[in-house]
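So the structure is just underneath, and the comments pick up after that.
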Amino acid sequence: MATTETERLLARLQAAAARGDDEAAEHTAQALRGQGARAVPGLLALSRHPQADVRWWALRALAEIPHPHAPTRLAEALTDPDPAVRQVAALGLRHQPSPQALPRLLTLLADNDRLLAHLAADALAALGQQATLPLIDALQNSTPAARIEAARALAQIGDKRSISALFAALDSPSPLVEHWANEGLERMGVGMVFFKPGG
């Protein structure tokens, strides 16, 4: 049976990732994006490869292809044993938001890996208003570091249901929480006039 172009690209991606050739892997990942849905089964298989670099590049390529199985696999990869793989999964979920990933992304806001926490917040912001109420809870009840990311995500979403929580966060002892709360209120056009005297 003849090898298809998709199969050749998948083999090339695996080989480039395994030898640490990022330039070749990136070029091949872009070529696989052009294959669309045909590349997804192979990328799903590679995303479970024993070598972390291969999993990373498979997820990197998978995130570029709009497909119903992509966000599901990216959500699963948030628990990968390798920190870089978890990061690329969170990054991918910013491009392909998944409600299924919401609970895990919320947990990651408090992760010691602050880059991962930042990427998780971006992925939550990409979910839009469906992430608002859980993020309000995180802003009010989570760790200090997680509160920063929750405030930043709420500022990006701009859901008016977060106004009261963001206004309360202006009194936060964290300058970053205060900054993002103020940023979110300004983006929604309320700022300091929300609770004006006599209003």
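The values are calculated or read from the model by the stated rules, or taken from the named source; none is laboratory data. Computed from a predicted model, the values in this text were never measured in an experiment. Note that each Cβ is placed from the backbone with ideal geometry, even for glycine, and that neighbours are counted across all protein chains shown.
When the criteria are applied in full, Q156 meets the requirement of being within 18 Å of the chain's Cα centre (by Cα), in a helix (DSSP H, G or I), at pLDDT 95 or above and at negative phi. Put simply, of R73, R55, R104 the only residue that is more than 21 Å from L13 (Cα to Cα) and of a type in the set (K, R) is R104.
For the range 111-152, a residue qualifies if it is touching a Gly at 6+ places or on another chain (Cβ under 9 Å) and aliphatic (A, V, I, L, M), and the qualifying residues are A123, A151. From the list D122, D80, D111, the one residue that fits, being closer than 29 Å to A11 by Cβ and in contact with a helix residue (DSSP H, G or I) (Cβ under 6 Å, 6 or more places away or on another chain), is D80. The single residue among S98, S47 that is out of contact with any Gly (no Cβ under 8 Å at 6 or more places or on another chain) and under 30 Å from Q140 (Cβ atoms) turns out to be S98. The residue that is surrounded by the most Cβ atoms within 10 Å (Cβ to Cβ), among those in the range 137-162 that are more than 16 Å from L176 (Cα to Cα), in contact with a helix residue (DSSP H, G or I) (Cβ under 7 Å, 6 or more places away or on another chain) and not small (G, A, S), is I157.
For L46, state whether it is surrounded by 13 or more Cβ atoms within 10 Å (Cβ to Cβ), touching a helix residue (DSSP H, G or I) at 6+ places or on another chain (Cβ under 8 Å), at pLDDT 95 or above and over 21 Å from A101 (Cβ atoms). Considered against the rule, which asks whether it is surrounded by 13 or more Cβ atoms within 10 Å (Cβ to Cβ), touching a helix residue (DSSP H, G or I) at 6+ places or on another chain (Cβ under 8 Å), at pLDDT 95 or above and over 21 Å from A101 (Cβ atoms), L46 comes out as no. The conditions of being under 16 Å from the mean Cα position of the chain (by Cα) and part of a helix (DSSP H, G or I) are not met by L139. Of the residues making up the range 88-96, one or more are under 18 Å from L124 (Cα atoms) and either in contact with a Cys (Cβ under 7 Å, 6 or more places away or on another chain) or part of a loop (DSSP other than H, G, I, E, B) (or both). Scanning the range 69-87 for residues that are part of a loop (DSSP other than H, G, I, E, B) and surrounded by fewer than 16 Cβ atoms within 10 Å (Cβ to Cβ) yields P81, D82.
Residues are listed down the side, and each one gets a yes or a no for (1) under 29 Å from D21 (Cα atoms); (2) of a type in the set (S, T, N, Q):
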site	(1), (2)
Q96	yes, yes
L106	no, no
A117	yes, no
D137	no, no
